[in-house]
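As structure tokens, the structure follows; a few thoughts come after it.
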């Protein structure tokens, strides 16, 4: 993650402080007019992002009424902010917000008392990724009329790319749940090549199945196997026909109630026509988990194992660039090592020995090769 991104700077707040301290620090940033820098566009943008981050945290913590109050403030200060307007209306709807005269009533439409659109549940950290998905996917699809009225196009698809083991499938499943769309997953391994390098008819059948279950989120993993780059010399005629058929189906998917998400570890191997604007509107790099997500992953994996670990921040700081797959391996290997020693629990030294012995596969230079 870019260190110049405010979400990156605020991660230290989230992992090191209590909610009350975090909110107070953010409120101080929001209320500070910046003095001689108050007209600086960069400072204005930073204050705006601080406000958005505060709203995001309040929703994450289930404090929706407070989030709504801050959203009302934001829309008053910037009435042309369509994202904030859509977010406010969505919260009002999901919280059963009603106003008669000066009396405001807030209920809830959610069975568990949580606004379903913003409850990312087990997807910890990765705030920049989640913010982009909320802004470019969830809000437009949940507020079609508002976006169409303002001549803002509704997204047709999303392309997720990056190294393996970083949670692409995990994220897209949650997106389907947040949208309340039927989730349909297809990949070369899961369907035993039923659709991969088959016939044009089979590709059509795949989209027909998704149309029958609409609204559907059709998740195509290992997208490069479905639509290989036709400029490659080893791509023969039947591949060309299948890519053409896929493009036809992709173009019609939106009007058929299908939102298509593709995932790949090899962006350069996908046909250029598939990647052009108007097909996959949001292209999202999914890299190794950030410190919040790493800490949550270690806590989750060690939850059912006996351990004496409390310094989670240290573990998070020492595992930069580790993927979820590598974190899972570290915990499994540590459990095996401790068991062989006859110990009854895992301590920090046990875990760190395995971490040091198994450095991450990806450094910053390797990760750059996966990005656009």
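A short reminder: the numbers here are calculations on the coordinates, not readings from a lab. Computed from a prediction, not measured in an experiment: that's the story for all the values here. Here Cβ is always computed from backbone atoms with ideal geometry, including for glycine, and neighbour counts include all displayed protein chains.
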What is the order of 141, 365, 13, fewest Cβ neighbours within 10 Å to most? 365, 13, 141
Just report the Cα centroid separation between the stretch 127-168 and the stretch 245-276, whole Å. 15
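With a/c under 1.5 counting as rounded, go ahead and sort the stretch 298-371 into rounded, prolate or oblate using the C-alpha gyration tensor (a ≥ b ≥ c being the square roots of the eigenvalues; past the cut-off, prolate if a/b is larger than b/c, else oblate). Before the final figure, lay out each step's value.
Values: a/c = 2.42, a/b = 2.04, b/c = 1.19.
Prolate, because a/c is 1.5 or more and a/b exceeds b/c.
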Once normalised by the length of the stretch 242-372, the mean sequence separation of its alpha carbon contacts under 8 Å that are 6 or more apart gives a contact order in percent of 25
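By count of other Cβ within 10 Å, fewest leading, how are 208, 344 ordered? Kindly include the intermediate steps, with their values, before the conclusion.
Working: 208 12, 344 8.
Ordered from fewest to most neighbouring Cβ atoms within 10 Å, 208, 344 come out as 344, 208.
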Computed label-point distance, nm, for sites residue 328 and residue 340 using a 7 Å Cα→Cβ extension: 2.2
What list do you get for 312, 70 if you sort them by fewest beta carbons within 10 Å? 312, 70
